[in-house]
Amino acid sequence: MEKLTKEIVVHTWFFSGLKDLFFAFQIDSPFHYEPFLNALGFEKICKAYLLAENSSKYENLDGYEARKKIDSLAKAKKWGHNLKCMVNKIKKGIGDQKLENMINQNFDGYTGNQLIEVMQAAYLECRYPGPSHIHEKFPIKGFDLICSTGIQKFCFAFTCKIMIHIKGKFNISIPKREFYQVIAGEAGRRFCNLFLKNLPDDYFKLNL
């Protein structure tokens, strides 16, 4: 059985997360599916980077054992659904001040750090009734913060940063052909107008 290289693992997790972000972009739901899907896509793409960084723990294992190890890493308590923890690990691994600046940047009235907290809350709030809500922690009364357009903008910006650093640190690029197979149609063109502006113009060059 083919061994699971970090490139295969990164592509698997990245494209799964990208599909979530694209689906969130396309739907207009009164049931808060969009913030849940954005949080889910964001989590998977964070894990794509972290799994590349931890590739020595599975690359030498045979197929089934490698998949078990990857599953245990992805579900481990230290990662779990803790977006803030994952982002901090990525910041430490990358060591890029521009990434830190972006996380402190304003996205439609809220910083990236605040939106990470909102997405983490949305992961549960969008699925279960509960006694409290994340918008109660922020000053705009009557506004449901998990519906903020800043979430999508931050997800796109951070995701593209991960793509850039996965390419620079691990020499793993996201294939252009596969990207456009996922992001297709009229909705795909609109998605790319927003998403790709966060990538260097030559990112996909010679990367078919």
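The values are calculated or read from the model by the stated rules, or taken from the named source; none is laboratory data. Fair warning: this is a prediction, and the values are worked out from it, not measured in the lab. Methodologically, a virtual Cβ is constructed for each residue, glycine included, from the backbone with ideal geometry; neighbour enumeration extends over all protein chains shown. For the accessible areas, the whole protein counts, side chains as well, though only heavy atoms, and no ligand, DNA or RNA atoms are used. Shrake-Rupley method; radii C 1.70, N 1.55, O 1.52, S 1.80 Å.
Full extension of the chain between Q181 and K169 gives 1.8 nm of extra length, using 0.36 nm per residue less the Cα-Cα distance. Efficiency by 1/(1 + (r/R0)^6): what FRET value for N101 and K75, r their Cβ-Cβ distance, R0 = 35 Å, to the nearest 0.05? E between N101 and K75, to the nearest 0.05, is 0.65.
Label 7 Å along Cα→Cβ of N113; the range 67-92 residues with amide nitrogen under 16 Å? Answer for the range 67-92: 83-92.
Ligands, DNA and RNA are left out, and with a 1.4 angstrom probe the accessible area of the range 1-63 is 45 Å² per residue.
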